[in-house]
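Structure record follows, encoded as structure tokens.
No lab work stands behind these numbers, since they all come straight from the coordinates. Predicted model, so just to flag it, every value in this text is computed and none were measured. Glycine gets a Cβ as well: all are built from the backbone with ideal geometry, and neighbour counts include every protein chain shown.
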Amino acid sequence: MVWFALGTYYDASEKKSALVLDDDVYDLVEACRVLHPKGLENNAWIAGGTDGIMRDWNNVESEVQALAEAVAKWEDTEVLAPLADGKKKLAAPIQPERIFGAAANYVEHANEMGTVLATKAESNPYVFLKADSSTIGPGDTIYLPKQSKMVDWEIELAVIIGRQCHHVDAESALDYVAGYSVINDITARDLNVRTDYPFKFDWFQGKSFDTFAPLGPWIVPASCINDPQALSLVLSINDEVMQDSSTDEMIYTVREQIAYLSSILTLRPGDVLATGTPTGVGMARGIFLKPGDVITASIENIGTLNNPVAAQTHAYL
Ligand code: MG
């Protein structure tokens, strides 16, 4: 099966769907117009853009797969060519419906944060909600809030739900996954704790600033990922490796996280799970993001997400 991904790119200010093969980015609608045996008129699935495709994944997966395989074999670049480098500024592949974040889901990360965990048998995942409005795309700037001095990085495997589910068991949980991406769960450590209330933590405040959820560079369909628990993750700041681990180190697997969440609420297509970060965050080293930094976050078989960092300005959106 050919490896491919779906993304979103800017054509001037307009967002359009992208089909990615190796390093080549194609306009999805154009590829469909040229290559799809049914022609555009019978392909209503492309009309909703990448957001619509991922939310209807169960019904459109085979069509997208057929298109990707046809593009992989296509050789006439005068009729269909990849977008030129200057024409493919990528956006976040989708605008998530909701972002669920797993806290302390890697043992070594829990240890570096001083978090004492119960045994897995005596515990459940700890999940918080991160505002969907914090989403930004590849190359977009992460802005450091004025009220924080301790903004930190967290590379995580992002799981995109493609099919509604409620009360699914871990065994069947991956049937509801459309694909995988990279998410950086940016966190203001000094605002994630509170001393003015007895509640200690403030996950909303620490996690939900605008630009705190870089997502991308695209979504790789679940069918192209053999095992989501066997992917290496590497995050660098200005070319210095900070996090280097594997998803096989997760405490609660993707399957178990979906089963847990779906026991609480109905997971919807377009929901994103940020599945926890491995060891190597700045908090444990006493260093934090500063203006001018560039973060590079890569996950095996998915791709690389780059984001520069800048001081917050009063009108950056
Ligand atoms: Mg996290």
Magnitude of the charge dipole, the range 130-209, Cβ model with Lys/Arg +1 and Asp/Glu -1, debye to 20: 380
Give the residue from V241, M1, A222 lying farthest towards the positive end of the charge dipole for the chain; charges sit on Cβ (+1 for Lys and Arg, -1 for Asp and Glu) and the dipole is referred to the Cα centre. V241
Semi-axes, largest first, in whole Å: what does sqrt of 5 times each Cα gyration tensor eigenvalue give for the range 95-201? 26, 21, 13
How large is the Kirkwood hydrodynamic radius of the chain, counting all unique pairs of alpha carbons, in Å? 20.0
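Just want to confirm a number: the relative contact order over the chain, from Cα pairs under 8 angstrom separated by 6+ residues, in percent.
On the way: 742 pairs, mean separation 74.9, N = 317.
The normalised contact order for the chain reaches 24 percent.
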Have a look at the range 186-317 and give its Rg and Dmax from the Cα atoms, expressed in angstrom. 16.5, 48
How large is the Rg to Rh ratio of the range 150-217 when both quantities use alpha carbon positions and Rh follows Kirkwood? 1.11
Once you keep just the Cα pairs under 8 angstrom separated by 6 or more residues, what percentage relative contact order results for the range 213-302? 40
Candidate span helices, the chain: DSSP H, at least 18 Å along axis from Cα coords, Kyte-Doolittle average at least -0.5, result 57-73
Which value in Å is the Kirkwood Rh of the range 1-158 over different Cα pairs? 18.6
Based on DSSP loop calls and a cut-off of at most 11 other Cβ atoms within 10 Å, the longest stretch of the chain free of exposed trypsin sites (Lys or Arg not before Pro) is what? 39-145
Test of understanding: extend the Cα→C-beta vector of D23 to 7 Å, then name every residue of the range 86-124 with backbone N under 18 Å from that spot. 86-90
Binned Cα-Cα distances of the range 30-109, short to long, each 5 Å bin given as a whole percent: 3, 11, 17, 18, 18, 12, 7, 6, 4, 3, 1
Please give the residues of the range 202-232, grouped as numeric ranges, whose backbone N is less than 16 Å from a label point set 7 Å along the Cα-to-Cβ vector of E249. 229-232
Result: in the chain the number of Lys pairs with C-alpha under 16 Å apart, spaced 8 or more or on different chains, is 11
Sorted from fewest to most neighbouring beta carbons within 10 Å, what does the list W218, W3 look like? W3, W218
For the range 269-289 versus the range 64-114, the gap between their alpha-carbon centres in whole angstrom: 18
Counting Lys and Arg as +1 and Asp and Glu as -1 over every other residue whose Cβ sits under 13 Å from the Cβ of A259, the net charge comes to -3
Ratio of the range 275-317's C-alpha Rg to 2.2 N^0.38 Å, to two decimals? 1.44
Using the Cα centre as the reference, give the magnitude of the dipole from point charges on the C-beta atoms of the chain (Lys, Arg: +1; Asp, Glu: -1; all else neutral), rounded to the nearest 20 debye. 1000
FRET efficiency, 1/(1 + (r/R0)^6) with R0 22 Å, evaluated for N301 and Q164 via beta carbons: 0.25
Measuring from label point to label point, each 7 Å out along Cα→Cβ, what is the N238 to A84 span in nm? 3.4
